[in-house]
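One structure is given below, encoded as structure tokens.
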Amino acid sequence: MSKFALILLLSILTSCMSSSSRQEAATKNSQKTKPVKAIFPVKGLSIKSPKPASLDRFVKFIDEELSSMGVNTIMLRIGYDYQYSSHPELVNEGALSNAEAKRIVAVCKKHDIKLIPAINLLGHQSWHSKVYKLLEVYPQFDETPHVKLPEKYEWPNADKLYCKSYCPEHPDVHKVVFALIDELVAVCEADSFHAGMDEVFYLGDDKCPRCAGKDKAKLFADEVIRIHSHLKKSNTKMWMWGDRLIDGKATAMGFWEASENGTHRAIDLIPKDITIADWHYERADPTAVLFAAKGFDVVTVPWRLPDVTIEQLNQTISNRKNSADGMKQRFQGMMLTSWYGPDSFMDRYYQITENTLKKGDSMKTFKLLFEQINQLEKSP
Ligand SMILES: [Zn+2]
């Protein structure tokens, strides 16, 4: 082969190679930039806020893991674990400072993750044997002051005690809780706030001087309306759990994930621009349709059962596909809830292997849900 021919051959080869590697790069690029069609707007995780000692790890977890999994909404259950300047007397030990909370805000912003702060209002003001800050500091707000927390809790019990509630008719309670809401919404730079309000068993107690004898649906709705109206002033969208708005007897769902004390009628008394977080952990009860048909945006919330969660995912997709145009967008998506603390959740995320995962594990379910969502979004 002459020198000229060799140069020509080399030049052709180089040109072919570079053209093929350019093509490869272009393909890779187009794969990278190919717009992914979101199957629904909310792809969420509900989790307790971290303690300051775990903050670095939590921020890294959002930055590296949750963002790449496609989580776009975090409901952060902060409660009394923030250093409120309006009510320092209500701050738990080891609460996040403003600067610490801002680090979570920053990493969420970086990845376009919607951060929804949460305080559980009305119910869940105690755990079985421990009263939480609001009622510890302001025992006059207790709906059932005559019910004493036992040293050793058992269910069922004579008092039907699950968690304490504050009295929604107490004239001073809202001044306090609204100040907390305002601070959290401000520090989180949030456009939505989750007010909890699940599993409220103590409401309109016969011994409450303000509530006795009143219609429980009205008491519940009035409290929702107060919180909603307050949030409206800062143009903040209200989220809440849906269980108290479902008729537990008619649906046969019982008194945990639905209401058997009459509060379900509040569904027709409250504003429709509230997003309902519709949690069902044991079965894929199709109650998202109930909320959407009443005019609410609804987010379906699974926990730890993979089969149930995938069924809920399929329902959400099917509801969006089969509903009329004006209704389909109300099925906003899904938000898995973790009842592990954030440390335990992160430990499981990084350490547990498939072999050690048990049935009924929320980490397994979390990973499976997002794998499925990502797969569906990638398919043509
Ligand atoms: Zn009361």
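The values are calculated or read from the model by the stated rules, or taken from the named source; none is laboratory data. Since this is a predicted model, take the numbers as computed values, not measurements. Heads up, the Cβs are rebuilt from the backbone with ideal geometry, glycines too, and the neighbour counts pull from every protein chain shown.
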Task: Criterion (of a type in the set (D, E, K, R) and free of Cβ contacts under 8 Å to residues at least 40 places away in the same chain) met by exactly one of D285, D343 - done: D285
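Considering segment 126-167 alone, what residues qualify as being in contact with a Gly (Cβ under 9 Å, 6 or more places away or on another chain) and not small (G, A, S)?
Filtering segment 126-167 down to residues in contact with a Gly (Cβ under 9 Å, 6 or more places away or on another chain) leaves 132-133, 143, 162-166.
Within segment 126-167, Y132, K133, E143, Y162, C163, K164, Y166 meet the criteria.
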Task: Restricting segment 136-170 to residues that are within 16 Å of E199 (Cβ to Cβ) and either part of a helix (DSSP H, G or I) or hydrophobic (A, V, I, L, M, F, W, C) (or both), the residue that is farthest from the ligand (Cβ to nearest atom) - done: W155
TODO: Write out, first by first residue and then by second, each pair whose Cβ atoms fall under 6 Å of each other, whose residues are 6+ apart or on separate chains, and whose first residue, in segment 142-158, is of a type in the set (S, T, Y) while the second is at pLDDT 95 or above.
DONE: T144/Y202; T144/D205
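Considering only residues that are small (G, A, S) and part of a loop (DSSP other than H, G, I, E, B), look in segment 248-285 and name the one that is nearest to D307 (Cα to Cα). Quick ask: steps written out before the conclusion?
As a first pass, look at segment 248-285 and keep what is small (G, A, S): 248, 250, 252, 254, 258-259, 262, 266, 277, 284.
Add one more test, that the residue is part of a loop (DSSP other than H, G, I, E, B), and what stays is 248, 250, 252, 254, 258, 262, 284.
Working: G248: 23, A250: 25, A252: 21, G254: 22, A258: 21, G262: 31, A284: 9 Å.
Among those that are small (G, A, S) and part of a loop (DSSP other than H, G, I, E, B), it is A284.
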Open item on the list: Pairs please, first residue from segment 202-215 and more than 16 Å from C163 (Cα to Cα) and in a loop (DSSP other than H, G, I, E, B), second anywhere and modelled with pLDDT of 95 or more and more than 8 Å from the ligand (Cβ to nearest atom), Cβ atoms under 6 Å, 6+ apart in sequence or on different chains.
Closed with: K207/H146; A212/D206
Task: Count of residues meeting criterion [assigned to a helix (DSSP H, G or I), touching a Lys or Arg at 6+ places or on another chain (Cβ under 7 Å) and surrounded by 20 or more Cβ atoms within 10 Å (Cβ to Cβ)] in segment 297-318 - done: 1
Open item on the list: Here are the criteria: (1) buried (at least 17 other Cβ atoms within 10 Å of the Cβ); (2) among the β-branched types (V, I, T); (3) more than 24 Å from Y166 (Cα to Cα). Tell me which single one T251 does not satisfy.
Closed with: (1)
Task: Selection from segment 218-235 of residues that are within 15 Å of the ligand (Cβ to nearest atom) and among the hydrophobic types (A, V, I, L, M, F, W, C) - done: L219, F220, A221
- [ ] Sort through K102, K109, K60 and tell me the only one that's of a type in the set (K, R), more than 18 Å from the chain's Cα centre (by Cα), more than 22 Å from K367 (Cβ to Cβ) and not in a loop (DSSP other than H, G, I, E, B).
- [x] K102
Open item on the list: For S97, only one of the following conditions fails: (1) touching a residue at least 40 places away in the same chain (Cβ under 8 Å); (2) under 27 Å from V224 (Cβ atoms). What is its number?
Closed with: (2)
- [ ] Please specify each residue of segment 105-133 satisfying the condition of being under 30 Å from K164 (Cα atoms) and of a type in the set (A, V, I, L, M).
- [x] L115, I116, A118, I119, L121, L122, V131
